[in-house]
Amino acid sequence: MNYLPKKKMNELDDIQYLPILDYRYERFFRDTHYNGNRLDEATRKKLISIIDEDVAQYSESLPMLAKMLDQFKDYDDDGHQMYCVIVSVMQFAIITMIDCMVIGKYFMLADCDYDKRFMRGKMKVVLNEGFKKLYGFEEKTRMRSEWNKVGTIINYFSEELVLQYKQLSSLLDHHSQTSSWWRDERNMETHLDTEKLYVSRCEEVVEAQVMLDSLKLFDALFAVNLFLSNLHSYLRNILLDKYLRGELKEEE
């Protein structure tokens, strides 16, 4: 079966090998602390502009990922199954990154006090649920996590990528223990525990702190997505090898 894009075989001769990169994942997991500075209007506008550009860029890949998942879902061989895992975790990472950015955008745009407090609460739901699904907080959620799916296929890859996986696993595990990940706020917001919710929403709104908090999840997802791109490159290079050896058949 040919997993490469549907192109004429002579066009495939122009495809180049992709490098496996060392992204220094630890830089995405460094602790950041609020320095007390407030967001001024110029900074707020700049952040919103950056978010709009990033959302447009990331969302462009979503139809392609959905199409790939649909095309590969009926195959049960190892190659297609590995691609499905990589693509499905990429889809999760990108959608959650987009959601994190969009809710941050509308938090900053909110000009009514209650609206801003409401959006801050919903941001904390995304942060908690997003990391729980990405990696989890205890054995039960970790076994169902997106990262655990990657673990089921990692031994098919090179030693270099296995080491990267172990490094990221260690970073994610430490990240899971650095705080409660706004568990109480998530429970109040989700289950509408109104007495506690009222107290929570009365806490001072510090825009810069909320946006800094959102990076804790976004950066972890970004690091995972970079790693997934390495896995994808590795499989693509193997398929290119097979093509150059004449082992792949042209699709009708």
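The values are calculated or read from the model by the stated rules, or taken from the named source; none is laboratory data. All values reported here derive from a predicted model rather than from experimental measurement. Note that we place each Cβ from the backbone using ideal geometry, even for glycine, and neighbour counts take in every protein chain shown. Please note that ligands, DNA and RNA were not included when accessible areas were found on the heavy atoms of the full protein model with its side chains. Shrake-Rupley method; radii C 1.70, N 1.55, O 1.52, S 1.80 Å.
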Only one of (1) of a type in the set (A, V, I, L, M); (2) within 21 Å of the chain's Cα centre (by Cα); (3) surrounded by fewer than 15 Cβ atoms within 10 Å (Cβ to Cβ) is not met by Leu231, so which one is it? (3)
Lone unmet requirement of (1) within 18 Å of the chain's Cα centre (by Cα); (2) more than 30 Å from Asp40 (Cα to Cα); (3) in a helix (DSSP H, G or I) for Val162: (1)
Looking only at the range 171-192, and only at residues there that are open to solvent by less than 60 Å² (accessible area, probe 1.4 Å) and either among the aliphatic types (A, V, I, L, M) or part of a loop (DSSP other than H, G, I, E, B) (or both), the one that is farthest from Lys116 (Cα to Cα): Leu171
The residue that is farthest from the chain's Cα centre (by Cα), considering only those in the range 209-221 that are buried (at least 17 other Cβ atoms within 10 Å of the Cβ) and of a type in the set (A, V, I, L, M, F, W, C), is Val210
Considering only residues that are open to solvent by less than 60 Å² (accessible area, probe 1.4 Å) and of a type in the set (Ser, Thr, Tyr), which ones fall in the range 161-170? Tyr165, Ser169
The range 50-63 residues that are over 10 Å from Met97 (Cβ atoms), paired with ones that are exposed (fewer than 13 other Cβ atoms within 10 Å of the Cβ) (beta carbon under 7 Å, 6 or more apart): none
Flag for Trp147 being outside any helix (DSSP H, G or I) and buried (at least 17 other Cβ atoms within 10 Å of the Cβ): no
Which condition from (1) under 22 Å from the mean Cα position of the chain (by Cα); (2) open to solvent by 20 Å² or more (accessible area, probe 1.4 Å) is the one that Asp113 breaks? (1)
Does Val199 satisfy being in a helix (DSSP H, G or I), among the β-branched types (Val, Ile, Thr) and under 24 Å from Phe28 (Cα atoms)? no
Having 2 or more residues that are open to solvent by 20 Å² or more (accessible area, probe 1.4 Å) and under 17 Å from Val206 (Cα atoms) is the bar; report the helices (runs of 4 or more DSSP H) wholly within the range 30-110 that clear it. 41-59, 78-109
So which residues in the range 72-112 are charged (D, E, K, R) and either within 22 Å of Trp181 (Cβ to Cβ) or modelled with pLDDT of 95 or more (or both)? Asp99, Lys105
Count of the range 202-226 residues which are part of a helix (DSSP H, G or I) and either among the charged types (D, E, K, R) or more than 14 Å from Lys116 (Cα to Cα) (or both): 16
Only one of Gln57, Gln81, Gln91, Gln71 is polar (S, T, N, Q) and under 14 Å from Leu221 (Cβ atoms); which? Gln91
